[in-house]
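So the structure is just underneath, and the comments pick up after that.
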Amino acid sequence: MIIKMIRHMQIPAIFIGLSMILLVFHSYATADVYQYVDDKQVIHLTNVPEGPKYRILIKERAFNVYPVPDSGSFYELIALTADKYGVDGDLVKAVIKAESNFNHKAVSKKGAKGLMQLMPKTAMNLGVSDSFHPGANIDGGIRHLSYLINLYNGDLPLVLAAYNAGETAVAKYRGIPPYSETRSYVHQVLDFYDRYRKTAKSKPLVSASLNYTQRQN
């Protein structure tokens, strides 16, 4: 971000110089640009005006905001990959919904990336070189889910807890870790899972979220 820019020029070269400066500011400015000409005809340009002597020169431009792709655009890829590894596609969609809300460019504060929020070490172990690539991320994430499903004999709350907090934490607490984030995550994914299954209508509904709630009581 440009904090302050000052140019000392002589008339008439000042007009040429000012045009060049305005071109640069207009191309890269991320805030309003103000101008002040002092008694010596020195032009001061800044985005942090100091007092009323500065006048607005360039108004901040609006940024282009690129929308997150429609979740439906990934459904076919999810279905094909999930079927390949024998994992329920609705479960995969529920995980992606909770992890990234179908934003393939999502990055968490901890560094997890992509649709299924793969941590760098996990991605490396899975052979995923580009976590932002939807196909690679989904393939790696589903393989990881498949591994956890087999590890915990299909116990979805444990599977999801391990996906969120790691296998070590699940082993340490011999169940779902007492982390508020993890417990909330498990409940959220199971809720999304039930909703996707209801929408599908082609599968008998097994309320995993209800089983999870009963387990907590």
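Per-structure values
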read-out	value
Given (1) free of Cβ contacts under 8 Å to residues at least 40 places away in the same chain; (2) in a helix (DSSP H, G or I), number of the condition Arg143 does not satisfy	(1)
Answer residue from region 89-125, given it is surrounded by fewer than 19 Cβ atoms within 10 Å (Cβ to Cβ) and in contact with a Lys or Arg (Cβ under 9 Å, 6 or more places away or on another chain) and is farthest from Val159 (Cα to Cα) among those	Lys105
Flag if Val92 is among the β-branched types (Val, Ile, Thr) and without any contact (Cβ under 8 Å) to a residue 12 or more places away in the chain	no
Flag for Asn153 being under 24 Å from Lys84 (Cβ atoms) and not in a helix (DSSP H, G or I)	yes
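Just so you know, all these numbers are worked out from the coordinates, no wet-lab data involved. Everything numeric in this text was worked out from a predicted model, so none of it was measured. Because the Cβ atoms are built from the backbone with ideal geometry, glycine has one as well, and the counts that use them run over all protein chains shown.
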